[in-house]
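Take a look at the structure below.
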Amino acid sequence: MDMLQTTFLNNSIEHWLIGLGWAIGGIIAAKLIYKVAGKMLRSLTSKTKSNLDDLIVDKVEEPLVMALALLAIWKGYSVLTFGEGADELVRSAINVAYALNITWGIARLLDAIILNFFMPFTLKKESAMMDQFAPILRKGLRSGVWIMGIIMAMNNAGFDVGALLAGVGIGGLALAMAAKDFVSNIFGGVTIFIDKPFKVGDRIQIAGYDGMVEEVGIRSTRIRTLAGRLVVVPNFKFSDSILENVTIEPARKHTVQLGLTYDTSPEQVQQAIEILRKIIADQGSMLEPEPVVWFDSFGDFSLNVKLIYYVNKAGHWANTPGEVNLEILKRFNAAGLDFAFPTQTILTPDIAK
């Protein structure tokens, strides 16, 4: 027994064994609670209709076991004496560990709720924009929880968080001035998610670029141009530029101006107008049913007839106008209607010799 009273680092062997027993015993007890109590709780929650209680048990049990282990370690340390400075340091370390453990539990639970409840909700919406916004929301909330947890841990460790945040605020102001474009892109991305001027898969025109939206991020948007090139557009461009969403247009306007030769009779001009109306009517559902056709003007070398029609979603933006133009050429040739081309007639007076 005398050996148990032997002093080592200002503590007897007996106290060392008691402290070690508390620490090791607490960790073992926490492991047993994790296995036994966790199994019992899972058995109870599996009988309920809701998945929320199963989710809470699954994500909170590990942080709770860690909290019990930290409590056992602190209880074991409290048996020993190392001086006021060491005790204060260990107490701060335990408080920091508790704060981070609580943060870990909250982050796990929040992440699981978003993953199991919010993500399926976005899939039901069948929105590509929501599919991309959900992971961003998940990462943002998780980062926010950890930032708050670290601040709480620093406060528990004895740091003056208020003064630290004030210093960070001054430095953050300078950083914000240097990174204003980055911040503008972030706000531009949020604006896209809220206003939804377009979605993934839409064809848009902005800043001289025309293409399909492939990806919308929080900082930039990727567009595949009609030439097949990938263009990365900073999101702030969508806030200060005119954007045209080609996909959501109900129909696309096409204008055709035809010049007939000056020897064309009024009856033939009327015939040309009727042919154009018939061509549009024969296209069926791909074109708007009522085109605008009229004898437009007397040109320098032609009688001009103008046609305005609209290609709707059922028609192709390039192939349908091509079919219309080819049909115009066929029917005008069959009707003997001649297209004019630039010509000049030079009159010279007879000069007597």
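The values are calculated or read from the model by the stated rules, or taken from the named source; none is laboratory data. Quick caveat, the model's predicted, so the values are computed rather than measured. Note: ideal-geometry Cβ built from the backbone for every residue, glycine included; neighbour counts use all protein chains shown.
So here's what we get for this one:
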{"quantity": "Verdict on ALA281 being surrounded by fewer than 14 Cβ atoms within 10 Å (Cβ to Cβ), on the phi < 0 side of the Ramachandran plot and of a type in the set (A, V, I, L, M)", "calculated": "yes"}
{"quantity": "Residues satisfying the stated conditions in the range 208-255, i.e. assigned to a loop (DSSP other than H, G, I, E, B) and farther than 26 Å from ALA318 by Cα", "calculated": "GLY217, ILE218, ARG219, ASN235, PHE236, SER241"}
{"quantity": "Lone qualifier among PHE117, PHE133, PHE159, PHE121 - being modelled with pLDDT under 70, out of contact with any Gly (no Cβ under 7 Å at 6 or more places or on another chain) and within 19 Å of VAL60 (Cα to Cα)", "calculated": "PHE117"}
{"quantity": "Failed condition for ALA86, given (1) modelled with pLDDT under 75; (2) among the aliphatic types (A, V, I, L, M); (3) touching a helix residue (DSSP H, G or I) at 6+ places or on another chain (Cβ under 9 Å)", "calculated": "(3)"}
{"quantity": "Top-ranked residue of the range 64-89 - restricted to ones that are hydrophobic (A, V, I, L, M, F, W, C), more than 20 Å from LEU32 (Cα to Cα) and surrounded by fewer than 16 Cβ atoms within 10 Å (Cβ to Cβ), ranked as farthest from the chain's Cα centre (by Cα)", "calculated": "PHE82"}
{"quantity": "Test: residue in the range 305-314 that is at positive phi and under 42 Å from the mean Cα position of the chain (by Cα)", "calculated": "no"}
